[in-house]
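Every number here is computed from the coordinates shown, using simple stated rules; none is lab data. Everything numeric in this text was worked out from a predicted model, so none of it was measured. Cβ placement follows ideal geometry from the backbone for every residue including glycine, while neighbour counts extend to all protein chains displayed.
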Amino acid sequence: ATGPATRPTLYCCAGTAVGSGPAEYVPFAEGLRGVRETVALPLSGFGDPAEPMPASLDALIEVQADVLLEHTAGKPFALAGHSAGANIAHALAARLEERGSGPAAVVLMDVYRPEDPGAMGEWRDDLLSWALERSTVPLEDHRLTAMAGYQRLVLGTRLTALEAPVLLARASEPLCAWPPAGGARGDWRSQVPFARTVADVPGNHFTMLTEHARHTASLVHEWLDSLPHQPGPAPLTGGKH
């Protein structure tokens, strides 16, 4: 999506599901069209099977940081990610802050901690079924290989406090019945203690970026505009959905 150059570009980190790629953010980006430039950061190995995958989490984040800094060329930017893509966005933000070129803000959408996945651990099979059934790309073997490889890398991520302000946008509807019979208890929703703002959006883990993507985009845009040193509000032409 394109938007005014006066606003920080929003870079969205692709996730690790079998259908991973820029397409997963298309409905979300459509909600920002004309008000904020939005760019997807894909992961190698999902599109072209000949692309090499990173050997480690450190290698992945270092490459992503180099690509992003070259693309931004010193201009302010924000980072976003959904699910495992949010874990990658957080790790990328932390690395960029270490290098003295951190983002203006970070948006984590329905992120969970790999070391304590909570509801995501209970819903693992359901998550895979949803991803397979709703994928908008052909489910080829190289995508399954890439998914397995990147999910192993994401297990090494940890959600630690950032210098940048953080928005946690989380689903307001559980993916499946909660609590599960004989399973875990407690709150199924995403938890990020260091988030400056926590907001629940319509939909579940998946539909918050499909059927309800425009509402999620509106929330993210308005939050980014509310931060200090941002230009005045620009209304979303499509409105909230």
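Things worth noting here:
- The range 82-127-the range 137-152 distance, computed between alpha-carbon centres (Å): 19
- GNM remark for the chain: springs join alpha carbons under 10 Å apart, and the peak mean-square fluctuation among ALA213, ALA29, ALA59 falls on ALA59.
- GNM flexibility winner over the chain from PRO103, PRO52, PRO114 (Cα, springs under 10 Å): PRO52
- Note on the range 12-140: Kirkwood hydrodynamic radius from all Cα pairs is 15.6 Å, rounded to one decimal.
- For the chain, diffusion coefficient by Stokes-Einstein and Kirkwood Rh (Cα), 4 °C, 1.567 mPa s, µm²/s: 72
- Helices that extend 18 Å or more along their long axis by alpha-carbon positions and average at least 0.5 on the Kyte-Doolittle scale are, among the DSSP H runs of the chain, 57-72.
- Based on Cα atoms of the range 67-145, Rg over Rh with Rh as the Kirkwood radius reads 1.07.
- Here the chain is scanned for GluC sites (Glu not before Pro) in DSSP loops (not H, G, I, E, B) that have at most 16 other Cβ atoms within 10 Å, and the longest stretch holding none of them is 1-114.
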